[in-house]
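See below for the structure under consideration.
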Amino acid sequence: MKRLIPFLLISLLAGCETTTVPENSITPVLTHTAGQTFGDATSLYWYSFQQNRPVSLAEVVIMGDYGQYQSEYRWREGNLREIKRQGRQLRGQEIKPFSLHVRYDTKGSAVFQRYSVDGVVLPLTDTQLYQLTKQAKQATEVVKQQRRDGQFLVQGYWQGEHFLRCGDDKPLSVAFETAMPDFIEQQLSQDRFMAVVGKVRRNKLVASQLLMLSDSSQQCHAAPKLLDK
């Protein structure tokens, strides 16, 4: 199904507020989910941080007719050290599979890079390498702002008059901060998968941004795991 609401071209089971993932006995690693639409793409984020410094970021980016991809980013001591991405993208007139893997040294220089499109290995240009680090920074800024606003990614399914949240099937009533167009309202009268950015208070979801609305056969999106431990 074509995206109703389409981020950058190469630019959970969700429904969870910030969760704690123990890393050591001193400072925990926290994870926050978020999402946004930008241009023709919709992005879902799972961001982990420790003492306000980034640890990792996983993303799913769906670009409508331009393809889709998954990425995982890893930081050490606040410095971006590794990116891995795979998916399908428009090349010429065709959608082709691609993958990339970049490692950085402590000074931010790309010391390892591998980029392939449809099985053909290609060099990454300086512009492409810059875009990768820029995308990582922009994504983390989006997550941090939504966290400050008390908002996060919520996924689930409309079934009759109930919205069942992914992860725990908790039924929630739903209110949108802004009125939805009539064609969206009509679709919400049917069984649908939906992803939004919003807040959950008790049994009510207040959605500030609609990210996805698709067929009920769509599975809940989970954080991609591409990098080795």
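The values are calculated or read from the model by the stated rules, or taken from the named source; none is laboratory data. What you see is a predicted model; the values in this text were computed from it and never measured. FYI the Cβ positions are ideal-geometry reconstructions off the backbone, even for glycines, and counts take in every protein chain you see. Side chains included, ligands, DNA and RNA excluded: accessible areas come from the protein's heavy atoms. Shrake-Rupley method; radii C 1.70, N 1.55, O 1.52, S 1.80 Å.
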With the dipole of the stretch 176-229 defined by +1 on each Lys or Arg Cβ and -1 on each Asp or Glu Cβ, the option from Ser214, Val196, Leu227 whose Cα lies farthest towards the positive pole is Leu227
Packing-wise, with mean Cβ within 10 Å as the measure, how do 215-222, 204-211 rank, highest first? 204-211, 215-222
Viscosity 0.692 mPa s, temperature 37 °C: give me the Stokes-Einstein translational D for the stretch 120-229 in µm²/s, with Rh taken as the Kirkwood radius over C-alpha pairs. 203
Which order do the peptides 150-156, 83-89 come out in when sorted by mean C-beta neighbours inside 10 angstrom, highest first? 150-156, 83-89
Output the relative contact order of the stretch 131-193, whole-number percent, from Cα pairs under 8 angstrom with separation of 6+ residues. 28
Sort Glu141, Glu72, Glu161 by heavy-atom solvent-accessible area, probe 1.4 angstrom, most to least. Glu161, Glu141, Glu72
Taking a probe of 1.4 Å, how large is the accessible area per residue of the chain, in Å²? 54
What lysines sit close enough to Lys107 to cross-link, taking a C-alpha to C-alpha distance under 28 Å and skipping anything fewer than 8 places away on the same chain? Lys84, Lys134, Lys137, Lys144, Lys225, Lys229
So the carbon and sulfur contribution to the accessible area of the chain, 1.4 Å probe, in percent, is 47
